[in-house]
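Read-outs: derived from the displayed coordinates by stated rules, not from any lab. Only a predicted model underlies this, so the values are computations on that prediction, with no experimental measurement involved. Here the Cβ positions follow ideal geometry from the backbone for every residue, glycine too, while neighbour counts run over all protein chains shown.
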Amino acid sequence: MKKTDLSLYNNAAYHPGANLIKRTLWFYLNALFFKTSLIPLSSLKVCLLRLFGASVGKGVVIKPCVNIKYPWLLQIGDHSWIGENVWIDNLVKVHIGNHVCLSQGALLLSGSHNYKDPAFGLITGSIILEDGAWICAKAIVTQGITAGSHSILSAGSIATKNLEAYTIYQGNPATKIKHR
């Protein structure tokens, strides 16, 4: 049986899409303006995201205490809502469509690790949330997942497989419970 040996971990093949200066500057701006509850202004946050390369539509609402890893790998459509304590851990592209709701504490996790690899190698996959999708409070979307148009991932559920359009999912792992 193979044992994990984290001393073998090598992340050299991964590139986050920006140089060290841009990543460092974003780290501090993210902490000062996004991860805090002291600055509730969505318009300022939208401007900062665009300044750092995100594509952000009109009417987007970003609540306090949101954590966004890399804005240059983020696309948000029109009139989407990002709730309190949402974490968008976008190591690769994350596309959030129009009229998408990410409720409080939702997690979008575009990366994980290969537990079969002793070096615990990085695994990434883009996340796509199609128009009208709702990721409910404390729900988790894992790497490589597409949430179909107007699908719902119910509170506390974990999406490990694609979600069909107009379908409601629940549980860990999330399973289809009914049509919307």
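Sorting the segments 87-99, 31-43 by their residues' average number of neighbouring beta-carbon atoms within 10 angstrom, most packed first, yields 87-99, 31-43.
When you count the other C-beta atoms within 10 angstrom of each residue and take the mean per peptide, 110-122, 56-68, 136-148 line up highest first as 136-148, 56-68, 110-122.
Consider the candidate values [x] 45; [y] 58; [z] 52; state which one is percent of Cα pairs over 22 Å apart computed from the structure displayed. Recomputing percent of Cα pairs over 22 Å apart here picks out [x].
In summary, the lysines within cross-link reach of LYS3, defined as a Cα separation below 18 angstrom excluding same-chain residues under 8 places away, comprise LYS116.
For SER55, the shell of other residues with beta-carbons less than 13 Å away shows a net charge of +2, using +1 for Lys and Arg and -1 for Asp and Glu.
Which lysines have a Cα less than 19 Å from the Cα of LYS138, not counting those fewer than 8 places away in the same chain? Straight-line reach from LYS138, under 19 Å: LYS35, LYS63, LYS69, LYS161, LYS176. Averaging Cα coordinates gives a centre for the range 13-54 and one for the range 140-177; these two points are 28 Å apart.
Dividing the summed helix terms, -39500 (n - 2.57) for each DSSP H run of n ≥ 4, by the number of residues in the chain produces a 222 nm estimate of -3500 deg cm²/dmol to the nearest 500.
The relative contact order of the chain comes to 14 percent, based on Cα pairs under 8 Å that sit 6 or more residues apart.
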